[in-house]
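Student: The structure's right below; bear with me while I get my questions together.
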Amino acid sequence: MLDNLTPFAAEILPGHGADGTLCSTVVIKATLDFAGRAVAQGKAVPVFRGDESFDGSGHVVRHEADIAPLKSRVDVLFNGHAHAPGGKAVARFDAGLAIGGENRVIRVFGKRVWRRKMGLVPVVQELEPALKVPLTYNLAFGGADAENPEMFHGPNP
């Protein structure tokens, strides 16, 4: 039993280590506002034992499972929307999140329509200006991974 005296969601999750022995992982999950303050426990995001989707279909994951036998670093997950700068709809813009010395930036696009050029290569035909874009996996596409350059998808900046 876990006696959680913190303002954060916490659970003990049973599992097995790499060698097959029984082990337990304590998951402590903090939900913070943009000022870095803890959100009250009743309003905080709970510990998830399995993936949770937006519509229950499992196709668009809203929250990933928190179950992991070992994590050497902390996960920072952002659930929300990217908003166009200046409150004006644009076809593309950059959005980011900074925590301490870490800073991540993504390029956000409005709705895109893809067509095959000469029946072969897909190319973007139209970009629809957007004011707000949900940050979901089903809208993510390509880009570069600085830690794994082989994973770069050239046609997508």
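The values are calculated or read from the model by the stated rules, or taken from the named source; none is laboratory data. Since we're looking at a predicted model, the values are computed, not measured. Here the Cβ is made from the backbone with ideal geometry for all residues, glycine too, and neighbour counts use every protein chain on show.
Student: State yes or no: is ILE28 without any contact (Cβ under 8 Å) to a residue 60 or more places away in the chain, part of a strand (DSSP E or B) and under 21 Å from the mean Cα position of the chain (by Cα)?
Tutor: Taking the combined requirement at face value, the residue satisfies it.
Student: If only one of GLU11, GLU102 is more than 30 Å from LEU127 (Cα to Cα) and touching a strand residue (DSSP E or B) at 6+ places or on another chain (Cβ under 8 Å), which one is it?
Tutor: When all the criteria are applied, what remains is GLU11.
Student: Which of the residues spanning segment 42-81 are among the aliphatic types (A, V, I, L, M), under 28 Å from GLY17 (Cα atoms) and surrounded by 13 or more Cβ atoms within 10 Å (Cβ to Cβ)?
Tutor: VAL45, VAL47, VAL61, ALA65, ILE67
Yes or no, residue by residue, for (1) at pLDDT 85 or above; (2) closer than 19 Å to THR136 by Cα; (3) out of contact with any helix residue (DSSP H, G or I) (no Cβ under 6 Å at 6 or more places or on another chain); (4) not in a loop (DSSP other than H, G, I, E, B):
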site: ASN4; (1), (2), (3), (4): yes, no, yes, no
site: PRO14; (1), (2), (3), (4): no, no, yes, yes
site: GLY20; (1), (2), (3), (4): yes, no, yes, no
site: SER24; (1), (2), (3), (4): no, no, yes, yes
site: GLY56; (1), (2), (3), (4): no, yes, yes, no
site: VAL74; (1), (2), (3), (4): no, no, yes, no
site: ASN79; (1), (2), (3), (4): no, yes, yes, no
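Student: Across segment 107-146, what is the total count of residues that are in a loop (DSSP other than H, G, I, E, B) and of a type in the set (Ser, Thr, Tyr)?
Tutor: Total meeting the criteria: 1.
Student: Just give me the residues in segment 82-106 being assigned to a strand (DSSP E or B) and either loosely packed, with under 14 Cβ neighbours inside 10 Å or more than 14 Å from the chain's Cα centre (by Cα) (or both), in sequence order.
Tutor: Those that are assigned to a strand (DSSP E or B) and either loosely packed, with under 14 Cβ neighbours inside 10 Å or more than 14 Å from the chain's Cα centre (by Cα) (or both): HIS83, VAL90, ARG92, PHE93, ASP94, GLY96, ALA98, ILE99, GLU102, ASN103, ARG104, VAL105.
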